[in-house]
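These notes are about the structure you will find just below.
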Amino acid sequence: MALVLVATLFLSACANLSAGNLFSHYSAQNHDAYKNVMVGDYQEAAEELKESDVGGPILSNMEKGRVTFLAERYPDSFSALQLSDKAVNTLDQRATVSVSESANQAGSLATNDNLTTYEPADYELGYLHLYLGLNYLQQNDLSGALVEMRRANQVQEKAQKRREKELKEAQADMASNGVKPNMGSVLSNYPAAGNTLQAVQNAYLLYLSASLYEAGDQLNDAYIDYKRALAVYPENKQIIEATLRVAKQLGMRQDLSMLTKQYGEPKSIPKGQGQVVILDEQGIVAARDNWRLNLPLFNSRDQVKIYSVTLPYYKSIPNQHFNAIQLEGHSLTPSLLADTNVMAKNDLSERIPAMVLKQGLRLYVKDQMLHQAAKNDDSGIANIIVNIWNVATEQPDTRSWQTLPGKVYSSSINLPAGDHAVTIGAKSYTLPVKANQRMLVWVSRQGNSVTMWHKQLGEIE
């Protein structure tokens, strides 16, 4: 009983302590907002998230920023994403672990990882700056958008280095406490996502970045990001055309020779026509689910016991099908630009070893609590209470940015100057195409809902 009382008093100091985080997990608590985005009810999802702080300042504001962007509440979106960015900067600049975070970490050993501060995945940080950049572009602030594109690359590099330390730190914690989990029994059954370039690089971010650099007449920067995007999706028509176009403008004769051998000569846009480039977000990324499994572990008496533990995993969701975009009655042919599900699954696969090691340490602590309760209480009541506490608080860490798009496609078409009708699902829009100008059209659709806007990106060289 004393151990439970001490644990309860200690947990009261945890910054992330709530009944939801203690006895439930993020996907369960975020279920209604997630379902509303999936069917395209953006306003209702925004209301669900309005007062929510279940994911902490980083994740909650990411969700709010994305959903209010879909709901065309752009000032709200910009504000929320800036708050998330500020919280990420605070996390990055933390020289030492704070007192509150020490309490969070220690408290999580008696409960679950949902009490710890959320550290976003690399691909989520990329999306954070992508949507900040889109917000700036919405405000017609190209320079602000370009700053976010640069920051996206810098932040992801830092995040990669930070993440590489996690497994070593977790292993050191386990070793110092004498915990020896059977990692193979977990990883052999864990659904891995593979290690392709598409799982670790976001070509959507790279292509948008390059397009904005090109619009700002920063062709060297544009060419670097177009080439990086091409390495990720070498069959994407829009990336191919853009890479060839900028290589030619820069006079990159050796590169151009290699590119034309693979893809053919660059195609020029007819004089007097305009080019429309469409970025088409479709569906919603899968949410992490709850996976229970048995984990062999040496306990505090050096006995091998089988413990039931929970870990997050990605359950397959049905593919969401959307009709092709129609422009002047012609169906546009899309090229895949990003698959967020692949990136999310790969990130979780990379995190799982550290999660399992932390889980093993938690089981060790909980086993100690059970052993102490049984030793100090002949009636067995304390042992029962501790056991109920351990089971009730055993929750997986299902935190992730759940309102991101499932997949992103690109398409393009050259059109004469003038107004042109574009049909997306049941909705029609008018695009004012200008001669010798490139237009970016941003589209996001979930369920039967469509959010769309366009911006001119300047002269076609």
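Read the figures in this text as sums done on the coordinates, not as results from a lab. Note that the coordinates shown come from a computational prediction; the quantities given were computed from them, not determined experimentally. Cβ placement follows ideal geometry from the backbone for every residue including glycine, while neighbour counts extend to all protein chains displayed.
Observations, loosely collected:
- Counted by neighbouring Cβ atoms within 10 Å, the residues His454, His321, His129 run from fewest to most as His321, His454, His129.
- Exceeding the 18 Å Cα-Cα cut-off - candidates Lys315/Lys345; Lys227/Lys434; Lys64/Lys315; Lys64/Lys86: Lys227/Lys434; Lys64/Lys315
- Sequence ranges 420-429, 55-64, 24-33, 264-273, ranked by mean other-Cβ count within 10 angstrom, highest first: 55-64, 24-33, 420-429, 264-273
- On the basis of the beta-carbon distance and an R0 of 22 Å, Glu47 and Ala324 show a calculated FRET efficiency of 0.10.
- Val285 long-range amide H proximity, modeled H, under 5 Å: Leu404, Gly406
- Fewest-first sequence of Val67, Val443 by Cβ atoms within 10 Å of each Cβ: Val443, Val67
- Using a Förster distance of 56 Å, the FRET efficiency for Lys237-Asn290 (Cβ separation, nearest 0.05): 0.90
- Ratio Rg/Rh [Cα only; Rh per Kirkwood] for the stretch 309-361: 1.26
- Nearest-0.05 FRET efficiency for Leu197 and Gln154, computed from C-beta distance (R0 25 Å): 0.80
- Under the Karplus curve 6.51 cos²θ - 1.76 cosθ + 1.60, θ = phi - 60°, whole-Hz ³J(HN,Hα) for the stretch 53-63, x wherever Gly or Pro sits: 9, 4, x, x, x, 6, 5, 4, 6, 4, 4
- Extension gain, Gln254 back to Asp92 (0.36 nm per residue minus Cα-Cα distance, nm): 54.2 nm
- Residues of the stretch 211-252 with amide N under 18 Å of a point placed 7 Å along Cα→Cβ from Asn436: 215-217, 249
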